[in-house]
Amino acid sequence: MDNPIFEATGRRKESTARVRITPGTGQIIINKRNAAEYFARPTLVMQVEQPLKITDTLGSYDIRVTAKGGGLSGQAGAIRHGIARALERMNPDLRPALKVAGLLTRDPRMVERKKSGQPGARKKFQFSKR
């Protein structure tokens with residue numbers, strides 16, 4: 001076992017991504033599909049590759065991801081968070097660059113719950129005096 005595997009978990013909104021990084025050729029496989037095939041929009045692929053570009057490691061690691069929950073945008077954010085955490089675990093010298101870019105911080109924004117007596121989280125039913 002000469003190739004070490006580094007694992008990390010990334011989260012955003014309702015999405016969770018388990019990321020495994022091994023030295024390799026730069027493949028990014030998400031749920032057994034290529035990243036460009038999995039994400040319909042190229043902006044989401046760019047978002048996933050962001051931690052690798054910042055640390056100048058794009059093309060030097062194979063990344064396997066299992067993403068669950070949420071939509072594609074939330075999953076892309078979760079994968080980005082997971083890759084950043086795995087890179088930091090693999091090489092602690094990359095931490096300052098990832099920290100400055102804000103990739104190690106978990107985005108805490110979640111959908112606000114619907115309240116009783118209202119049609120949504122913030123929206124109110126129409127008010128009538130009579």
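Miscellaneous remarks
- For segment 6-100, relative contact order (Cα pairs under 8 Å, six or more residues apart, normalised by length) works out to 43 percent.
- Nearest 10 degrees, 0 to 90: helix 72-90 Cα axis against the chain principal axis: 40
- Loop chymotrypsin sites (Phe, Trp or Tyr not before Pro), segment 20-88 (other Cβ atoms within 10 Å of the site Cβ: 16 or fewer; DSSP): none
- The Cβ shell under 15 Å around residue 32 holds other residues with a net charge of +3, Lys and Arg each +1, Asp and Glu each -1.
- Segment residue 114..residue 2, full-extension length gain: 35.2 nm, with 0.36 nm per residue of separation and the alpha-carbon distance subtracted.
- Distance histogram for segment 6-100 (every C-alpha pair counted, 10 angstrom bins, percent rounded to whole numbers): 19, 57, 23, 1
All of the numbers you see were taken from the coordinates with simple rules; none came from a lab. Just so we're clear, the structure is a prediction, and the values are computed from it rather than from any experiment. Glycine gets a Cβ as well: all are built from the backbone with ideal geometry, and neighbour counts include every protein chain shown.
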